[in-house]
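See structure below.
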Amino acid sequence: MAERTIKVEIKRQAAPEAPAVTERYEIPYRPNMNITSLLGEIALNPTTADGKASTPVAYDSNCLEEICGSCAMLINGKAMMACSALVDKLLGGDTARTITLAPLSKFPVVRDLAVDRSVLFENLKKVKAWVPIDGTYDLGPGPKQAPQVQEQRYPLSNCISCTICMEVCPQFNDATGFVGAASIAQAKLFNMDPSGAVLKEERLRALAGDGGVQECGFAQNCVQACPKQLPLTEAISDIGRDAFVQQVKDFFRR
């Protein structure tokens, strides 16, 4: 009886300016594998399906439990986390199927499946997504939050910066400069914080400007693709309202 194998096609790129190539592998089948373990098998024996020696596939990973957000990639054409993408589910019980892996398409490729997602962190800086409290001395306890506010903020705090919401967003591109759902959601998170609210007006002005919340087309791809089920459309709607109110306030302050 022939050994069951997993067929994999991987889009590879040795350097940012290098041409992309597709390599095919066949990996011995084991139940309960995820894409990360599949790539680990290739690293142990980087030989293509036609017997050519290759190199281990470069990709980002860290926590292996859908917390760090670094292993996002296109799996069968869909933006997913490699650590939580199960091979058995992708194959649907048919090992004749081929799993395809490719880097996220809207970010510069560093190598193979690893991309440069620094645009997200630049956007987070743009909207001042932090609590502006620091010091070398004891600042004492922070202000109390009502349980209702905590319940609203907690889902937004689960963002893992995977950039899947940006990958699937039709509005996230060079033409619009849209900051993306993740940055908007984090702005709402810190605007609701009693300490972070000191920068609320600055955040809303940033999101009312170029690339801000008005660029959202409400396709809702982000909320469907988010691996942590963040309430992204609600956050975008709330920030859109708050940004408009802030613009009206600024108009009458002139």
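The values are calculated or read from the model by the stated rules, or taken from the named source; none is laboratory data. As the structure is a prediction and not an experimental result, all values here were calculated from the model. Neighbour counts are summed over all protein chains in view; Cβ atoms, including those assigned to glycine, are modelled from backbone coordinates with ideal geometry. Just the protein is used for accessible areas: all its heavy atoms, side chains included, with ligands, DNA and RNA removed. Shrake-Rupley method; radii C 1.70, N 1.55, O 1.52, S 1.80 Å.
Rounded to two decimal places and with Rh computed the Kirkwood way over Cα pairs, what is Rg over Rh for the range 204-254?
Details: Rg = 12.8 Å, Rh = 11.9 Å.
Across the range 204-254, the Cα-based Rg/Rh ratio is 1.08.
When the residues ARG111, ARG117, ARG24 are ordered by accessible surface, computed with a 1.4 Å probe over the protein chains alone, the sequence from largest down reads ARG24, ARG111, ARG117.
Here the spin labels are modelled as points 7 Å beyond Cα on the Cα-Cβ line, and at LEU86 and GLN229 they lie 1.6 nm apart.
I'd like the distance between the alpha-carbon centres of the range 54-78 and the range 124-181, rounded to an integer number of Å. Using only Cα atoms to place each centre, the spacing works out to 23 Å. The mean sequence separation of alpha-carbon pairs under 8 Å and at least six residues apart, normalised by the residue count of the range 81-222, gives a relative contact order of 26 percent.
Against the chain, whose longest principal axis comes from its Cα atoms, helix 232-252 is set at around 30 degrees. As a fraction of the 1.4 Å probe accessible area of the chain, surface on carbon and sulfur atoms comes out at 52 percent. Overall, the anisotropy analysis places the range 126-254 in the oblate class: the square-rooted eigenvalues a ≥ b ≥ c of its C-alpha gyration tensor yield a/c not less than 1.5, with a/b not exceeding b/c.
Is the C-alpha gyration tensor of the range 1-93 telling us rounded, prolate or oblate? Criteria: a/c under 1.5 is rounded; beyond that, a/b larger than b/c is prolate, otherwise oblate.
Details: a/c = 1.69, a/b = 1.02, b/c = 1.66.
In terms of gyration-tensor shape, oblate.
What number comes out for accessible area per residue over the chain if the probe is 1.4 Å? Units Å², please. Before the final figure, lay out the partial values.
Values: 13680 Å² over 254 residues.
Roughly 54 Å² per residue, with all protein chains present.
In loop segments of the range 1-45 as defined by DSSP, the GluC sites (Glu not before Pro) with at most 15 further C-beta atoms inside 10 Å of their C-beta are GLU3, GLU17.
At 0.36 nm per residue, minus the direct Cα-Cα distance, what do GLN150 and ARG30 gain on full extension? Give it in nm, one decimal, please. If you can, show how the numbers build up before the last one.
On the way: separation 120, 0.36 × 120 = 43.20 nm, distance 4.25 nm.
That pair, GLN150 and ARG30, stretches by 38.9 nm at full extension.
Counting only cysteine Cβ atoms and a cutoff under 4.7 Å, the chain contains unmatched residues CYS71, CYS83, CYS159, CYS162, CYS169, CYS216, CYS226. The sum of -39500 (n - 2.57) across all DSSP H runs of n ≥ 4, divided by the residue count of the chain, sets its helix-only mean residue ellipticity at 222 nm to -9500 deg cm²/dmol. Each peptide in 126-135, 160-169, 212-221 receives the mean, over its residues, of other Cβ atoms within 10 Å, and ordering these scores from highest gives 160-169, 212-221, 126-135. Mean sequence separation of contacting Cα pairs (under 8 Å, at least six apart), scaled by the length of the chain, corresponds to a relative contact order of 17 percent. Look at the alpha carbon pairs under 8 Å that are at least 6 residues apart: their mean separation over the length of the range 1-141 gives a relative contact order of 26 percent. Cross-link check: pairs LYS125/LYS188; LYS78/LYS106; LYS78/LYS188; LYS200/LYS228; LYS78/LYS228 evaluated at a Cα-Cα cut-off of 20 Å; pairs beyond the cut-off: LYS78/LYS188; LYS200/LYS228.
Taking Cα atoms only, the orientation of helix 147-157 departs from the longest principal axis of the chain by about 40 degrees.
When you have a sec, figure out the Kirkwood radius of the chain from all distinct Cα pair distances and drop it here in Å to one decimal? Walk me through the numbers on the way to the answer.
On the way: mean 1/r = 0.0494 Å⁻¹.
The answer is 20.3 Å.
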